[in-house]
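Visitor: I have a structure here, written as structure tokens, and I will follow up with some questions on it.
The values are calculated or read from the model by the stated rules, or taken from the named source; none is laboratory data. Quantities reported herein were computed from a predicted structural model and do not represent experimental measurements. When we count neighbours, we look across all protein chains shown, and the Cβ atoms used for this are built from the backbone with ideal geometry, even at glycine. To get the accessible areas, we keep the full protein, side chains included, count just its heavy atoms, and leave off ligands, DNA and RNA. Shrake-Rupley method; radii C 1.70, N 1.55, O 1.52, S 1.80 Å.
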Amino acid sequence: MQTFINIDSYKINIRRSTGALVVGKPGFGKSVLVSCSMLKLMSIGAFPLIADTKRSDFYALRKVLDSSDNKKKRVAATPNQVAQMLRVLTEFMNARYENHQEHWGWDWVDYNLRPIVVVFDEFSATLSEADKPTANEIISYLKQIIFKARQMGGIYLLLASQRLTADVLERNISSEFSTRIGMQNLDRISLNLAFPGCDLNEIPIVENIPGHGLIYDDHFNTMIPQPFIAPDMSEVDVPKVVKHLNQKFQHNDFLHEDYWPW
Ligand SMILES: Nc1ncnc2c1ncn2[C@@H]1O[C@H](COP(=O)(O)OP(=O)(O)O)[C@@H](O)[C@H]1O
Ligand SMILES: [Mg+2]
């Protein structure tokens with residue numbers, strides 16, 4: 001099973017990873033990088049779930065991914081829908097774990113389970129839009145999902161957020177992301193949260209151009225984030241590629257799961 005994707009010249013292994021956190025101000029290139037990473041993951045068979053309560057770029061994918069029948073929704077456009085989608089996902093991951101315990105230490109690759117990519121665009125905006133109970137519910141599911149990503153894997157989060165402060169994402173959650181990316185130059189608070197354990201003076205300065213940023217990954221042999229340039233996606237028709245990949249993997253060679261909810 002293919003478990004690597006490339007970001008610029010960096011190889012990211014989604015096996016034994018929780019996901020990527022992408023931080024940056026509006027217009028710095030978060031959504032472009034996330035959409036590109038999502039397509040790369042879909043091309044190795046990952047099943048996408050999307051949260052976009054700002055109803056911007058990713059919201060358009062509902063036409064491709066969600067049918068009007070009673071199936072569980074894959075594109076969430078309000079905080080309530082996000083909470084509901086994450087609840088279904090958490091229950092699904094529990095069922096997965098219940099059904100695959102016979103081999104000690106096996107993960108999703110060993111069991112040949114289909115990976116799931118959860119795209120969460122504008123995370124901080126969703127939390128500030130949500131009422132307190134819904135925001136807490138979303139955070140609680142995210143923590144469980146990250147835990148399950150560590151446990152058996154097969155679930156990869158792509159979470160983009162404008163701001164990163166301790167109240168948006170507690171430090172103990174942000175450091176759980178195995179890949180952390182800052183687009184262009186971040187403020188010191190965000191830098192500290194995105195790249196903890198790293199002397200701010202050691203962090204390279206990158207060009208203030210959309211798509212330029214810094215990347216850290218647990219599998220790199222340094223704590224210092226490295227400069228990278230995200231691919232330009234302006235010539236790519238993202239919904240069209242999503243539609244194609246969605247159809248391509250409708251019938252696939254992953255293990256069949258009776259409890260599959262979507
Ligand atoms: N990797 C890139 N290469 C070239 N241009 C980019 C790149 N990423 C972003 N851009 C440009 O910047 C704009 C804003 O990017 P976007 O991903 O929507 O930002 P954000 O989601 O951070 O607000 C894009 O519409 C595009 O014109
Ligand atoms: Mg965006």
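Rundown of residues vs (1) under 26 Å from Thr3 (Cβ atoms); (2) of a type in the set (A, V, I, L, M, F, W, C); (3) in contact with a helix residue (DSSP H, G or I) (Cβ under 9 Å, 6 or more places away or on another chain); (4) modelled with pLDDT of 90 or more, yes/no style:
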{"site": "Met152", "(1), (2), (3), (4)": "yes, yes, yes, yes"}
{"site": "Leu164", "(1), (2), (3), (4)": "no, yes, yes, no"}
{"site": "Arg171", "(1), (2), (3), (4)": "no, no, yes, no"}
{"site": "Gly182", "(1), (2), (3), (4)": "yes, no, yes, yes"}
{"site": "Arg188", "(1), (2), (3), (4)": "no, no, yes, no"}
{"site": "Cys198", "(1), (2), (3), (4)": "no, yes, yes, no"}
{"site": "Glu202", "(1), (2), (3), (4)": "no, no, no, yes"}
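Visitor: Right, next: Find the helices (runs of 4 or more DSSP H) located wholly in segment 50-133 whose residues include 2 or more that are open to solvent by 70 Å² or more (accessible area, probe 1.4 Å), and list them.
Guide: Filter on segment 50-133 gives 62-65, 79-99, 123-129.
Visitor: Residue under question is Met42, and the condition is that it be of a type outside the set (Gly, Ala, Ser), open to solvent by less than 10 Å² (accessible area, probe 1.4 Å), within 13 Å of ligand 1 (Cβ to nearest atom) and at pLDDT 95 or above; does it hold?
Guide: Considered against the rule, which asks whether it is of a type outside the set (Gly, Ala, Ser), open to solvent by less than 10 Å² (accessible area, probe 1.4 Å), within 13 Å of ligand 1 (Cβ to nearest atom) and at pLDDT 95 or above, Met42 comes out as no.
Visitor: Please specify each residue of segment 174-221 satisfying the condition of being among the β-branched types (Val, Ile, Thr) and open to solvent by 10 Å² or more (accessible area, probe 1.4 Å).
Guide: Result: Ile189, Ile203, Ile205, Val206, Ile209.
Visitor: Give segment 1-23 a look and list any residue that's within 11 Å of ligand 1 (Cβ to nearest atom) and under 15 Å from the mean Cα position of the chain (by Cα), or say none.
Guide: Scanning segment 1-23 gives Ile7, Val22, Val23.
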